């Protein structure tokens, strides 16, 4: 009876997932904010507190699902940064749990000890991966859509046997949620919606399942469709034209270099594949062979492994789609490769099992060793020490800010901090430095119409709505120079604040 209720391999697997989740939580609480994250956090607060909508009321350079999710988190918790960090961390915890579950369920009843070993090695390979460590714990749009796309892959792979309409609908919803959070996921999500066409069922049934997945997909992107209908010009410009705007600036050499396909391929091999070689090699070892067997046999048992292999090049196309590459854009590869490993492990021949486990153990040790040599894990000691969390630092900063400014808008290129303090910002600068640094490349009339503000517009923009305070010290000097010049020209006095930041007030401290 005890063994039936407390199956030791099951308990060990749950324990491993629990440790993984705890480490993900600790990493999220330790990480500070960078300027990429304002464009995700600030819109959620503007929607929650003022009812302002993306595109219609301010620029936003991503699809809006996270805006609605973060607005809900802010409304429920009232703690802007902690709630959004928790949201992203929970998505990554669920990703690890899903990978472990797939690995566990893929094995037969008599091979659960082998399954526990697979779960352990899989979670070590994922957590110690450099790209995984770089991306998680942030509030940008990578962890949530990656989880949704992974769910779509798993459900599509399961439905080859289950053949259920509701699974196809939920698959479409998951994939739509992914695309509605990050547009570049469309290159992988749309083929996955069509993957039912590869089933061995009659064609009429395949088409029915594809249609159901399409219905779910459309349901999930209704917020995107709605906002597009409200502000079609702004929607189109923010998502499709603005990302290439900085390429018009001949002085921006980095933007010019990172746009070429050769540079993107070089970056993929040099910065993604080589540092992450343990995970890539592990996938090549166990994930590729069963996928190839599906192409030869069309057996439903091998279909999930083939689905991962099919998804990878489409995901890569999405990584290459932005005009400029960024390291975190490739994060989706980590859960995808790990899923391929989880699906492929059960197909390792019995006579090769020990050798494969040995090789995977060596790869996991190499990955862990690389992680320990490259990164500090001091934060592990403070997982349960709330005073050491970054959120505690932000609250202290917000308290200091609120003591100096009790009402009125804050002008800054770092809008998250005043929002954490409960102070309003200028919605036109909700994206932080991103719209600001490229707006001068737009036609002045178009800037006004689409609610962009360029440095040369600042005086006129603030003429009838001057700020109660101006917060600087977060971005490069050349970006904040117009803010400082405006402050000096209009009688604002500087006072030193937290961590070498400066708050400009109309009156100096008494």
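Order these peptides, 170-183, 27-40, by their mean beta-carbon neighbour count within 10 angstrom, highest first.
170-183, 27-40
Roughly what % antiparallel, to the nearest 5, for the DSSP beta bridges in the chain?
Roughly 60 percent of the DSSP beta bridges within the chain come out antiparallel.
If you count, for each residue, the other Cβ atoms within 10 Å and average over each peptide, how do 376-382, 291-297 line up from highest to lowest?
Descending packing order for the listed peptides: 291-297, 376-382.
Per Stokes-Einstein, at 10 °C and 1.306 mPa s, what whole-number D in µm² s⁻¹ belongs to the range 356-434, with the Kirkwood radius over Cα pairs as the hydrodynamic radius?
98 µm²/s
Starting from the Cα of residue 396, step 7 Å along the direction of its Cβ; do the same at residue 350; then give the gap between the two resulting points in nm.
Each label point is offset 7 Å from its Cα along the Cβ direction, giving 6.1 nm.
For a footprinting-style exposure proxy, rank 443, 393 by other Cβ within 10 Å, fewest first.
Least crowded to most crowded, the residues run 443, 393.
Length gain on complete extension for the stretch residue 76 to residue 261, per 0.36 nm per residue less the alpha carbon to alpha carbon distance?
Stretched out fully, the residue 76 to residue 261 stretch lengthens by 62.2 nm.
As I understand it, the value is the acute angle between the Cα axis of helix 203-220 and the longest principal axis of the Cα atoms of the chain; what does it come to in degrees, rounded to 10?
Helix 203-220 and the main axis of the chain meet at about 30 degrees.
Just from its helices, what would the mean residue ellipticity at 222 nm be for the chain, if runs of 4 or more DSSP H residues each count -39500 (n - 2.57) and the sum is divided by every residue, rounded to the nearest 500 deg cm²/dmol?
-19000 deg cm²/dmol
Against the 2.2 N^0.38 Å scaling, with N counting residues, where does the range 1-150 land? I'd like the Cα-based Rg ratio to two decimal places.
Relative to the 2.2 N^0.38 Å estimate, the range 1-150 comes out at 1.25.
Which distance in nm do the two modelled labels at residue 233 and residue 50 give, with both placed 7 Å along the Cα-to-Cβ direction?
Label at residue 233, label at residue 50, 2.2 nm between them.
Express the Stokes-Einstein translational diffusion coefficient of the range 151-239 in µm² s⁻¹, to the nearest whole number, given a Kirkwood radius over alpha-carbon pairs, 20 °C and a viscosity of 1.002 mPa s.
Rounded to a whole number, D works out at 161 µm²/s.
Once fully extended, how much extra length lies between residue 162 and residue 380, figured as 0.36 nm per residue of separation less the alpha-carbon to alpha-carbon distance?
Length difference between fully extended and current span is 74.3 nm.
Measure nothing fancy, just the Cα-based angle from helix 165-179's long axis to the longest principal axis of the chain, in degrees from 0 to 90, nearest 10.
Approximately 40 degrees, to the nearest ten.
Considering only C-alpha atoms, what is the centroid distance from the range 288-350 to the range 209-247, in Å?
26 Å
As I understand it, the value is the acute angle between the Cα axis of helix 65-77 and the longest principal axis of the Cα atoms of the chain; what does it come to in degrees, rounded to 10?
70 degrees
Which FRET efficiency value, to the nearest 0.05, is calculated for residue 270 and residue 190 with the Förster distance at 30 angstrom and r the Cβ-Cβ distance?
Efficiency for this residue pair is about 0.55.
Ranked by Cβ crowding within 10 angstrom, fewest neighbours first, how are 104, 203 ordered?
Starting with the residue having the fewest Cβ neighbours, the order is 203, 104.
Quick one: length gained pulling residue 317 to residue 299 fully straight, 0.36 nm per residue minus the C-alpha distance?
Length difference between fully extended and current span is 3.7 nm.
With the calculation restricted to Cα positions, what are the radius of gyration and Dmax of the range 389-505 in angstrom?
Cα radius of gyration and Dmax of the range 389-505 are 13.9, 44 Å respectively.
As an exercise, use a Förster radius of 51 Å and the Cβ-Cβ distance of residue 219 and residue 493 to find the FRET efficiency, rounded to the nearest 0.05.
After rounding, the FRET efficiency stands at 0.45.
When a footprinting reagent is the concern and you count Cβ atoms within 10 Å, what order do 383, 341, 81 take, fewest first?
Going from least to most buried by this count: 383, 81, 341.
Readers should treat all values here as calculations from the given coordinates under stated rules, not as data from a laboratory. Just so we're clear, the structure is a prediction, and the values are computed from it rather than from any experiment. Here the Cβ is made from the backbone with ideal geometry for all residues, glycine too, and neighbour counts use every protein chain on show.
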